[in-house]
Amino acid sequence: MFMINVGVLLIIIGYKMKIFVGYDSRENDAYSVCINSLFKYNDNIQIYPLVQHELRKRLYYNRPENEKASTEFAFTRFLVPILCNYTGWAVFMDCDILCTRSLKQYFDNLSNNKAIYCVKHDYTPRSVVKMDGQKQVSYPRKNWSSVIFFNCGHKANRSLTTNMVNNAHPSVLHRFGWLDDSEIGELPVDCNWLEYEYNKHIFEQQYNRPPSLIHYTCGGPWFKEVKDSRIIDYGDLWEKEYDELV
């Protein structure tokens, strides 16, 4: 593995496309490949790592560390509107995602009437474990929050205060309980395509290309045990990006 200095979280307003990527110390390679692929296919973007210990240091985040959470950024994602001073649009995404094309097309079709946009997944997980062997749990709106386009200036997102992010029940946050359903816009499935959960061949027959954002939600090639146990759809694309980065 190689290490990347995630540095200090700096908030700079004014970029056309702000992208926040969740950082988890167990998935440094995944994070590095994710941001490299984003820069590769997108112009005029600024990427900010959501690093939990940095957010704690700056007093944005104080949820108990022993709280059951599958990643270090399980709840810090909901700080994005705050970090953007409730201004403009910003994207959050998990670090176990590979970008394969420009995201501009999605930004061009956003409505200011919506507080957020996401892929509205409706599925039952095939696997009983996820990531690095953790138990897979099924719940309503699962994975809706793994890619979020935040309309940070929408009045409904003013409810996302540091107090709420640090104290609200996980289901309130991950199921967008602070919003009315009419305020949740829908993105096409290829903007958060769940590897192993969705059928690669059906997608490619329809679109003749890989999904825009491939989400290795059941574990990617950076986990040897996953790589050894099954064929990972688009695993070759991730490894190619990793080799180029190295």
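Sorting the segments 34-46, 221-233 by their residues' average number of neighbouring beta-carbon atoms within 10 angstrom, most packed first, yields 34-46, 221-233. Remark: spin-label model distance residue 107-residue 204 equals 3.0 nm, labels positioned 7 Å along the Cα→Cβ axis.
Could you give the angle, 0 to 90 degrees to the nearest 10, between helix 28-41's Cα long axis and the longest principal axis of the Cα atoms of the chain? Helix 28-41 and the main axis of the chain meet at about 80 degrees.
Looking at the chain alone, DSSP beta bridges between its own residues are antiparallel in about 45 percent of cases.
Using only the C-alpha atoms, the convex hull of the chain corresponds to 126 Å³ per residue. In this structure, the residue pairs whose Cα-Cα separation is over 30 Å, taken from 40/120; 18/227; 40/200; 16/155, are 18/227. Expressed per residue, the C-alpha convex hull volume of the range 20-61 stands at 59 Å³. Cβ distances below 4.7 Å define possible disulfide partners, and in the chain the cysteines left without one are 34, 95, 99, 118, 191, 218. Rounded to the nearest 10 degrees, what's the angle between the helix 235-245 long axis and the longest principal axis of the chain, both from Cα atoms, 0 to 90? Compared with the principal axis, the helix lies near 70 degrees. Each of the peptides 183-191, 97-105 was scored by the mean count of other Cβ atoms within 10 Å over its residues; in descending order, highest first, they stand as 97-105, 183-191. Estimated from the Cβ-Cβ distance and a Förster radius of 35 angstrom, the FRET efficiency linking residue 172 and residue 46 is about 0.75. Rolling a 1.4 angstrom probe over the protein heavy atoms with all chains in place gives the chain an accessible area of 47 Å² per residue.
The values are calculated or read from the model by the stated rules, or taken from the named source; none is laboratory data. Nothing here was measured: the structure is a model prediction, and the numbers come from that model. A quick note on method: Cβ atoms are made from the backbone with ideal geometry, for glycine too, and the neighbour counts reach across all protein chains shown. With ligands, DNA and RNA removed, areas are computed over all heavy atoms of the protein, side chains included. Shrake-Rupley method; radii C 1.70, N 1.55, O 1.52, S 1.80 Å.
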